[in-house]
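Colleague: My structure is below; once you've seen it, I'll send some questions.
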Amino acid sequence: MTWYRIFRTNSSKKSKLSVVEFDQHIEPIPTCLKQSPVYQHHLVQIHSIVQTYVNLVTMKKRRRQSSQDWSLMETFIKLWYSELERIYRHASGVAVMLKGQINELCTGLYSISFPSRNRDKKLVHEVRQFISNCLKDLDHSFNKRRSLPTPKSIHSHFQTFHYTLENRMQAIRNEKQNSPLVKYMNRVYQLEQDIFLHHYYIESQLKLLWDLGHIALRSPLLATYWNQKYETSQQMSQDLLNELKTALEQQLPCQRDVMCAICLSILHEPVTLKGCHHTFCKDCLQQHYCYQCSAKKKKGFLLVKAPLIGCSCFILDEHGQLVPAHHQSCPLCRQSFKPEDCELNVDLEKFILERFKQDLEDRKRGKKQILLNLLYYYSFLQKDKEQKREGFNEICI
């Protein structure tokens, strides 16, 4: 194959090779890529490409006919194209490796983030809170940027991300030294860094090839080849980010996981039973324990601090002693409990407010709409009743 014929265009038949000062366009390769065992042997061979172009310019000066200038470019084009393919193939291979690591992480997180696998309710909540924060950080860190960013902007963004990530990891290690969550936190943060470094590798190396090739040839077809690889690589990097997000989101509870088993709605003021660790709405549990006392609480207010679940109903036993009138059990597992066994789950309430804010707002709007519909129907019945009464009075008269 004669490579120079592929890239040669009608507008460039008589163009001459110009001496290009590559040092004015090419930035040095970042240290983070040079030191990475994954990428250090798969960087663009800048020296080879520059030297090849310099040799071609030297050969061109020895020839008298300018019509042969483009034929001299075959060696340079072959080298440039092979470097483009090599960088793209390595980025694809790393993407496959990272996808496998994401799947392994998903399996590990599942073992500690679901109550069916992990009986430690506090740890389950910590895992879900950590994942929720990670998703926010991912959206903030991997923001969309314009195409063809400068090498300096790419490097600056990576350094900021890396510094923030290290600070978060160190803070968590100090706070949760003996928690099983630390191991998975490190794996999540490492994956975040690896995905960002993969994105950084694609951006920096392809931008470098663009500078090395485009400033020398300025061929539309060469630019088309580069754009195809660049867009595909960008999509590859975005797919990795989406897979990590999906893997994390799958560990978070859906609306069904935070529903009260009594009212079948999202938990409001969640109260957890100490014995069985089941959680219900405060009002629902109060009604379940003693409906009469629940109605009394709604009618007025108390001047003294009262327990979450209370009952002032007493009866006389066979010995003439006052004893509580009600002995209730958990609606799910039927394990008996007392009012003092109930505690307000503040962390879960905060999590629900953050994670299901839109669902709670929709629930409020739904209740408001139901109330408006009932008021409208009540007013309609009142008008209908008055009309019938007036009609009845006219008949009697």
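What follows is calculated from the coordinates using simple rules that are stated; it is not laboratory data. Just so we're clear, the structure is a prediction, and the values are computed from it rather than from any experiment. Positions of Cβ are backbone-derived with ideal geometry, glycine not excepted, and every protein chain shown enters the neighbour counts.
Colleague: Highest first, please rank the peptides 48-58, 122-132 by the mean number of other Cβ atoms sitting within 10 Å of their residues.
Modeller: In descending order of packing, they fall as 122-132, 48-58.
Colleague: For R334, R355, what ranking results if the residue with the fewest other Cβ atoms within 10 Å of its Cβ goes first?
Modeller: Least to most surrounded, the residues fall as R334, R355.
Colleague: Mind checking region 226-278 for GluC sites (Glu not before Pro) that DSSP puts in a loop (not H, G, I, E or B) and that have at most 16 other Cβ atoms within 10 Å?
Modeller: For GluC sites (Glu not before Pro) across region 226-278 that sit outside H, G, I, E and B with at most 16 neighbouring Cβ atoms in 10 Å, the list is empty.
Colleague: What FRET efficiency would be calculated for the residue pair E269, Q358, taking the C-beta separation as r and a Förster radius of 25 Å, to the nearest 0.05?
Modeller: In this case the efficiency is close to 0.85.
Colleague: Which residues' amide hydrogens lie under 5 Å from the amide hydrogen of H278, considering only partners 5 or more residues apart or on another chain, with H built in the peptide plane?
Modeller: So H278 has HN proximity to L273.
Colleague: Run the numbers for S329 and E249: contour at 0.36 nm per residue of separation, minus the present Cα-Cα distance, in nm.
Modeller: Net length gain for the segment: 25.4 nm.
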